[in-house]
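Encoded as structure tokens, the structure appears first; notes follow it.
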Amino acid sequence: MIVIIIYNTATGNTRQIAKKMREILENHNHKCDLYRDKEIKDKVKVDPQYFDLYDLICLGSCTHGNRPAKSFNKFMSTIENYDLAGKSLVCFSSSLGPEGWKETCKEIREKFPDMNHIGNFGCVSKNYDSTIRNFEELVKKLN
Ligand SMILES: Cc1cc2nc3c(=O)[nH]c(=O)nc-3n(C[C@H](O)[C@H](O)[C@H](O)COP(=O)(O)O)c2cc1C
């Protein structure tokens, strides 16, 4: 599969998850691009076809106020009307409380109802070991 991971972070925890996800995808022979949202937002904004080549899109943000960070919500609003129907979606997040990342993933997922949502992955602060193990279980099932 060809995969893109896009994340937002304030203190680096969500970036750690994103990097581990890329490592796992590459270990399983998937091609994976990884960007912080602000690195690619200008390119994405002017190119509705930007995601055409990707089979799986992984979107992740730190949790601020039990939802994605404001700048990530802005990034998502740029792409929420792009034709992403049928592409697979993974949501991921990091939070301080045990429920925060789930709320963030839920909000990301709800922005893309036409996508094929295949999983939410999150953790409290830097405790991502089991999150990454769960992600690897999913990746093993991908073609
Ligand atoms: C402004 C702000 C708001 C936050 N709001 C929440 C929250 O509502 N719920 C929660 O569980 N954690 C909250 N946190 C904690 C972060 O989500 C948590 O530290 C996370 O691991 C940070 O990820 P990052 O290192 O990728 O920025 C907040 C942190 C900040 C700075």
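General observations
- The set of residues from region 110-143 being surrounded by fewer than 15 Cβ atoms within 10 Å (Cβ to Cβ), among the polar types (S, T, N, Q) and in a strand (DSSP E or B) comprises just one member, Asn116.
- No other residue among Ser61, Ser93 is surrounded by 20 or more Cβ atoms within 10 Å (Cβ to Cβ), in contact (Cβ under 8 Å) with a residue 60 or more places away in the chain and touching a Pro at 6+ places or on another chain (Cβ under 9 Å) apart from Ser93.
- Summed over region 1-42, residues that are in a strand (DSSP E or B) and more than 15 Å from the ligand (Cβ to nearest atom) total 6.
- Residue in region 66-89 that is of a type in the set (Lys, Arg), within 16 Å of the ligand (Cβ to nearest atom), closer than 19 Å to His117 by Cα and at pLDDT 95 or above present: yes
- Residues that are farther than 22 Å from Gly122 by Cβ and under 16 Å from the mean Cα position of the chain (by Cα), drawn from region 1-38: Ile2, Lys31
- Residue list for region 47-58, restricted to those being surrounded by fewer than 13 Cβ atoms within 10 Å (Cβ to Cβ) and part of a strand (DSSP E or B): none
- Applying a threshold of 6 Å to beta carbon distances and a minimum spacing of six or more residues, or different chains, the list of pairs starting in region 96-114 at a residue that is over 19 Å from Gly12 (Cα atoms) and more than 12 Å from the ligand (Cβ to nearest atom) and ending at one that is in a loop (DSSP other than H, G, I, E, B) and among the acidic types (Asp, Glu) reads Lys111/Glu80.
The values are calculated or read from the model by the stated rules, or taken from the named source; none is laboratory data. A quick note: this is a predicted structure, and the numbers were derived from the prediction, not measured. Cβ sites come from the backbone with ideal geometry, for glycine too, and all protein chains shown count toward neighbours.
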